[in-house]
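Peer 1: First the structure, then my questions, so here it is.
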Amino acid sequence: MGQPPAAATVLDRFTPATRQWFAGAFRAPTEAQAGAWNAISAGSHALVVAPTGSGKTLAAFLWALDKFIASADAPAELPIEDLKPVRKKASCGTRVLYISPLKALGVDVERNLRAPLIGITQTAKRLGLAAPDITVGVRSGDTPANERRRLLTHPPDILITTPESLFLMLTSKARETLSAVDTVIVDEVHAVAGTKRGAHLAVSLERLDALLPGRVQRIGLSATVEPLETVARFLGGNAPVDIVAPPAKKSWDLTVSVPVEDMTALAAPSQEELGPGAQPASIWPHVEEKIVDLIAANRATIVFANSRRLAERLTARFNEIWTERQSPSVWDEPAGAAPKPPAQIMAQAGSMSGADAVLARAHHGSVSKDQRAQIEDDLKTGRLRCVVATSSLELGIDMGAVDLVVQVESPQSVASGLQRVGRAGHQVGETSQGVLFPKHRQDLVNTTVTVERMLAGRIEPLFIPANPLDILAQQTVAATALGSIDVEEWFDVVRRSAPFATLPRSAFDATLDLLAGRYPSDEFAELRPRIVWDRVAGTITGRPGAQRLAVTSGGTIPDRGLFGVYLVGSEDGAGKGGRRVGELDEEMVYESRVGDVFALGATSWKIEDITHDRVLVSPAFGQPGKLPFWKGDSLGRPVELGRALGAFVREVAGT
C-alpha cells in the first residue's frame, strides 16, 4: 500500500483516446483510481477499497476498456443504443467478467458503462484511431432463456453476471465462451467474502483459472471492509494481491431523531389491546409524519427498512399521509370512525387504504426486476420523490443525486449503516447525510452506539469460512458433470482458494467417499451416489444426472418457498404466467383467497387464481387491500457490535 503515483504518470499509460476522454470528462483521477491503475496496469491482482463515490467502478473497468482500444486492428461503428450484444462476424469470447452479488447492481453497472464506452470510442474515431465494437451482456437469474442462448452463440466482450450464474456457466457448454477471459472484477467483495456464498465463488474462480492457460487478473472493489489482508487473501487465493486503500476522506452528517419528547410516555400495549379497531399508544405515527416532512423538504430520498414487510407498510403510510395533506377533504373520516393504526401495529397482513403512489414506492427483492428498474429510474430522473428499500439498494448502486437517506430502526451492522447512508452524496467529495429513527428506547441505545462506531469507522471484521465441505461436495459434482477430472489436480484447484487453503486430505477424501457412495453404514445405502471414483486411475467422473443436479441445486442461497406473482393474461403457450410482478410468502398466500386485493411495490393487485406455486393477478389501481408480509427477514447482530452495546449499557448503568 505505497503512495499512488502522480495522476499524469498514471494517465500516460493509457492510449491517447482513453487519456483524452478522461481529461475531458474529469478534472483528475482520485487517489483510489490512481493507485488502482498503477497496480492493474502492472498485471497484479488488486483490491481497491475506497469510500462510496470514489470512482472505484471506473477504476476497475477503464484499463480493460483501454486494452480493447489498444488491441483494435480495424475501425468499427459505435455500439448502438443500449450496448446489448450485437451480431459480430467473429467472436473470440468474453474477455472481461464482472461479478456482482446483486442482480440490480449488475444492471446499474451495465447502464453506467455506456458513457465511458461510447465516449472513448468517439474519441478514438475523432483521432483517426481504430475503434472496436465492444459489446456488453448481462446474465443473471432474471435473464430470459432466449437472451441466454444469444449470449452463448454471440458472447459479449464484457459479461456482467452473478456468482451463481458463473457457476452455472462453468457447469455447462457455456464455459467455452469464457476461454478468453483475462480480467475478473468482483464488486462489493465484502458482501460475499465472509459467507459460504463467497466460498462457493472462490472455488468457481479457481475452476475458471483451471480452464485457461494462465490465471486471470482479479480486481476486487469495496467501500467498507475490514481487515484488508483477509479480504485480499479471499480475492487472490494463494496469489499475492496489491491493496489500494488511500486514506478515507468521506464526510458524514448523521442525526439520530426521536420525534417525541419522552419515549417512556408511550405505554406498551397488551395483546388484548391490539384487537380490531384498537389504537394503542405508538411512536410510529410521529415517525411517519416526520419522515414525510423530510421527504417533502428534499428532491430525492431513500428510506431504508430492515424488512420487506416494514418497507411495504411504510410506503403505504407515506402515500396516505401525503395524499391526505394534498387533499384533506377526501380523507376526512366520518364521525365516530376509528382512527387508522400506524404501519407497524397491524394484524398479520395489515391493510392499506388505496392511496395513489404519488410520493413513495417500495423496492425490495420480492418486487419484480422490471418494477425495480422502473423505480430506480423514476428516482434518478426526478419523477419519484422517495424509495423505501431494504438491502436491495444497499450495495454500490448509483441512485443519482440522492439528497438524504433515512434509516428506520437501527442498522443491522456498522458496515450496513455506512453502505446505506453512502447512497446519499454518492459523488467524489460530497457529504452523505443520514437521519436515523429508533422505534423504542432499546433501539435508541442500539442506534446511538452504531452511529458512534460509524463515525469512527469501526467496521466489523470479516472472517472467511474454513473448509465448508458442503460447498466442496457441490463444486465436485459440478466439476465432474461434463467429464472426468484428475483427483490430485482437483485437490490442488480447491486448495488454491482461500476458504480451502487448509483443507486436510482426510476431509477431502471423506467427501469424495460420500459422493461416490462409500458410506460409513448401511443406514445411508438409500442415498444415491453422485460420482464414480476410479481409485486405480485416480479420476472422478459424474454419474448420469450429475449436471442436472448441479444446475438445479447450485449455489448457497436457500429456497424460501416463495410464490411467484404473475400478471394474468400474459401466459405463454404452456399456460405459465408471463410477466412477473414479484413474490409472496407462502403463509401470506395461504391466508389469501381469489378476489382479495393486496399491495406490492405500492401498486394494488387483485388475485385471479392461486396455483401450487404461483399467484395470478390483475391490476387493481387505487383499491384498498392487504399489505403483504414475509417471514425470516431479520438478520442477526454482529458479535463485535453486540459487545459494544453491552459495554455501553454497563458503562451507563455504572454511572
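Peer 1: Being within 21 Å of S41 (Cα to Cα) and charged (D, E, K, R) is the filter here; which residues of region 230-251 pass it?
Peer 2: Those that are within 21 Å of S41 (Cα to Cα) and charged (D, E, K, R): R233, D242.
Listed here are the residues, each with its yes/no results for (1) out of contact with any Ser or Thr (no Cβ under 7 Å at 6 or more places or on another chain); (2) more than 20 Å from V551 (Cα to Cα).
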residue: L469; (1), (2): no, no
residue: L472; (1), (2): no, no
residue: A479; (1), (2): yes, no
residue: D486; (1), (2): no, yes
residue: P504; (1), (2): yes, yes
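Peer 1: What number of residues within region 427-460 are of a type in the set (D, E, K, R) and closer than 20 Å to T264 by Cβ? Walk me through how you get there before you give the answer.
Peer 2: Restricting attention to region 427-460, the residues satisfying the condition of being of a type in the set (D, E, K, R) are 430, 439, 441, 443, 452-453, 458, 460.
Next, only the ones that are closer than 20 Å to T264 by Cβ stay: 439, 441, 443.
Residues that pass the stated criteria total 3.
Yes/no matrix, rows are residues, columns are (1) touching a residue at least 60 places away in the same chain (Cβ under 8 Å); (2) surrounded by 24 or more Cβ atoms within 10 Å (Cβ to Cβ):
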| residue | (1), (2) |
| --- | --- |
| T135 | no, no |
| S179 | yes, no |
| T183 | yes, no |
| E188 | yes, yes |
| H200 | yes, yes |
| R207 | yes, no |
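Peer 1: Let me ask another. Could you tell me whether any residue of region 523-541 is under 32 Å from the mean Cα position of the chain (by Cα) and either part of a helix (DSSP H, G or I) or β-branched (V, I, T) (or both)?
Peer 2: no
Peer 1: Among the residues of region 611-655 satisfying the criterion of being aliphatic (A, V, I, L, M) and part of a loop (DSSP other than H, G, I, E, B), which is surrounded by the fewest Cβ atoms within 10 Å (Cβ to Cβ)? Outline the logic, then answer.
Peer 2: Within region 611-655, the first condition is being aliphatic (A, V, I, L, M), and the residues that meet it are 615-617, 620, 627, 635, 639, 641, 644-645, 647, 649, 652-653.
Of the ones still in play, those that are also part of a loop (DSSP other than H, G, I, E, B) are 620, 627, 635.
Numbers: A620: 18, L627: 24, L635: 12.
Here the answer is L635.
Residues checked against (1) touching a Gly at 6+ places or on another chain (Cβ under 8 Å); (2) modelled with pLDDT of 90 or more; (3) surrounded by 14 or more Cβ atoms within 10 Å (Cβ to Cβ); (4) not β-branched (V, I, T):
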position	(1), (2), (3), (4)
D486	yes, yes, no, yes
L503	no, yes, yes, yes
L512	no, yes, yes, yes
S553	no, no, no, yes
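Peer 1: A223: surrounded by 14 or more Cβ atoms within 10 Å (Cβ to Cβ), of a type in the set (G, A, S) and either modelled with pLDDT of 90 or more or out of contact with any helix residue (DSSP H, G or I) (no Cβ under 9 Å at 6 or more places or on another chain) (or both), yes or no? Before the answer, list the steps.
Peer 2: Details: surrounded by 14 or more Cβ atoms within 10 Å (Cβ to Cβ): yes; of a type in the set (G, A, S): yes; either modelled with pLDDT of 90 or more or out of contact with any helix residue (DSSP H, G or I) (no Cβ under 9 Å at 6 or more places or on another chain) (or both): no.
For A223, the condition - surrounded by 14 or more Cβ atoms within 10 Å (Cβ to Cβ), of a type in the set (G, A, S) and either modelled with pLDDT of 90 or more or out of contact with any helix residue (DSSP H, G or I) (no Cβ under 9 Å at 6 or more places or on another chain) (or both) - is not met.
Peer 1: Which numbered condition trips up V451, out of (1) under 25 Å from P227 (Cα atoms); (2) crowded, with 23+ Cβ neighbours inside 10 Å?
Peer 2: (2)
Peer 1: Enumerate the pairs (first residue in region 473-489 and in a helix (DSSP H, G or I); second residue anywhere and of a type in the set (D, E, K, R)) with beta-carbon separation below 7 Å, excluding pairs fewer than 6 apart on the same chain, so at least 6 apart or on different chains.
Peer 2: Within 7 Å, the pairs are V477/R530; A479/R207.
Peer 1: Check region 400-415 and report whether any residue there is part of a helix (DSSP H, G or I), surrounded by fewer than 24 Cβ atoms within 10 Å (Cβ to Cβ), modelled with pLDDT of 85 or more and of a type in the set (S, T, N, Q).
Peer 2: No, region 400-415 contains no residue that is part of a helix (DSSP H, G or I), surrounded by fewer than 24 Cβ atoms within 10 Å (Cβ to Cβ), modelled with pLDDT of 85 or more and of a type in the set (S, T, N, Q).
Peer 1: Now for a different question. From the set of residues in region 459-483 that are of a type in the set (S, T, N, Q) and closer than 19 Å to L208 by Cβ, which is surrounded by the fewest Cβ atoms within 10 Å (Cβ to Cβ)? Please lay out each step first, then the result.
Peer 2: Let us first name the residues in region 459-483 that are of a type in the set (S, T, N, Q), namely 467, 474-476, 480.
Cutting the leftovers down to closer than 19 Å to L208 by Cβ gives us 474-476, 480.
Values: Q474: 23, Q475: 27, T476: 28, T480: 25.
Across region 459-483, the extreme among qualifying residues is Q474.
Peer 1: Just to be sure, is E394 at pLDDT below 90, closer than 23 Å to W630 by Cα and acidic (D, E)? Let's see the steps before the verdict.
Peer 2: On the way: at pLDDT below 90: yes; closer than 23 Å to W630 by Cα: yes; acidic (D, E): yes.
Here the answer is yes, as E394 does meet what is asked.
The values are calculated or read from the model by the stated rules, or taken from the named source; none is laboratory data. Remember, it's a predicted structure, so these values are computed and weren't measured experimentally. Please note: Cβ atoms are built from the backbone with ideal geometry, for glycine as well, and neighbour counts cover all protein chains shown.
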